[in-house]
1. So, residue 72, is that one buried (at least 18 other Cβ atoms within 10 Å of the Cβ), under 15 Å from residue 29 (Cα atoms), in contact with a strand residue (DSSP E or B) (Cβ under 7 Å, 6 or more places away or on another chain) and modelled with pLDDT of 95 or more or not?
2. Since residue 84 meets every condition but one in (1) farther than 19 Å from residue 32 by Cα; (2) assigned to a loop (DSSP other than H, G, I, E, B); (3) more than 16 Å from ligand 1 (Cβ to nearest atom); (4) modelled with pLDDT under 95, which condition does it not meet?
3. Determine which member of the set 80, 60 is under 12 Å from the mean Cα position of the chain (by Cα) and in contact (Cβ under 8 Å) with a residue 60 or more places away in the chain.
4. Can we say residue 41 is within 23 Å of residue 13 (Cα to Cα), away from ligand 1 (no atom under 15 Å from the Cβ) and crowded, with 17+ Cβ neighbours inside 10 Å?
5. So the check is Cβ under 8 Å with 6+ separation or different chains; which pairs have a first residue in the stretch 114-141 that's in contact (Cβ under 8 Å) with a residue 12 or more places away in the chain and a second one that's of a type in the set (Asp, Glu) and more than 13 Å from ligand 2 (Cβ to nearest atom)?
6. Regarding residue 99, is this residue out of contact with any Ser or Thr (no Cβ under 6 Å at 6 or more places or on another chain), assigned to a helix (DSSP H, G or I) and outside the structural domain of residue 30 (by TED's automatic domain parsing)?
7. Check the stretch 103-111 and report whether any residue there is free of Cβ contacts under 8 Å to residues at least 60 places away in the same chain, on the phi < 0 side of the Ramachandran plot, more than 15 Å from ligand 1 (Cβ to nearest atom) and not assigned by TED's automatic domain parsing to the domain that holds residue 26.
8. Take the stretch 109-136 and flag every residue that is surrounded by 12 or more Cβ atoms within 10 Å (Cβ to Cβ) and part of a helix (DSSP H, G or I).
Amino acid sequence: MTELHEGNGADRDRPSNLAKNEKLVWETLAVTGEPLKAYEILDKLKETGVRAPMTVYRALEGLESKGHIHKLDGLNSFVLCTHEGPHAVQTFLVCEGCSTVKELEVLAVEADITPAVRAANFDMHTARLEIKGTCISCAQTS
Ligand SMILES: [Zn+2]
Ligand SMILES: [Zn+2]
């Protein structure tokens, strides 16, 4: 077993409704504290005996449907949800300098999108807004 050390996101309580592999993937994302691609997660889990990409994909799918993680389409990566999930409308700040991602809770976005989508008779599953720009630490060093 790999020792998982406390990282950026590890101060949050692990959700209790996770399957074994979902738990492993969740902990990997919590300890890393930054977006990870599926193969990067697989790489980190190798020592725990997880070797099949399908195992990771299935765990990611499970975590996403339970609202514990989000997929960032632009980066093709996954991050832990930092809010009380599940929530359909997701907003992220993506730094183009250092690739850090911060989830932002913008209630106005959700409040505006939800009725408009409903009025169009569309059944929304997710809406992701990736706001690209420069984070404060990149802004200070450039
Ligand atoms: Zn979230
Ligand atoms: Zn940055």
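1. In short, no.
2. (3)
3. The conditions single out 80.
4. Considered against the rule, which asks whether it is within 23 Å of residue 13 (Cα to Cα), away from ligand 1 (no atom under 15 Å from the Cβ) and crowded, with 17+ Cβ neighbours inside 10 Å, residue 41 comes out as yes.
5. Qualifying pairs under 8 Å: 128/73; 130/73.
6. The answer is no for residue 99.
7. First, the residues of the stretch 103-111 that are free of Cβ contacts under 8 Å to residues at least 60 places away in the same chain: 103-111.
Subsequent filtering for residues that are on the phi < 0 side of the Ramachandran plot retains 103-111.
Checking the rest, the ones that are also more than 15 Å from ligand 1 (Cβ to nearest atom) come to 108, 111.
Cutting the leftovers down to not assigned by TED's automatic domain parsing to the domain that holds residue 26 gives us 108, 111.
Within the stretch 103-111, one or more residues are free of Cβ contacts under 8 Å to residues at least 60 places away in the same chain, on the phi < 0 side of the Ramachandran plot, more than 15 Å from ligand 1 (Cβ to nearest atom) and not assigned by TED's automatic domain parsing to the domain that holds residue 26.
8. Of everything in the stretch 109-136, those that are surrounded by 12 or more Cβ atoms within 10 Å (Cβ to Cβ) and part of a helix (DSSP H, G or I) turn out to be 109, 110, 112, 113, 114, 117.
The values are calculated or read from the model by the stated rules, or taken from the named source; none is laboratory data. Fair warning: this is a prediction, and the values are worked out from it, not measured in the lab. Glycine also receives a Cβ, built like all others from the backbone with ideal geometry; neighbour counts cover every protein chain displayed.
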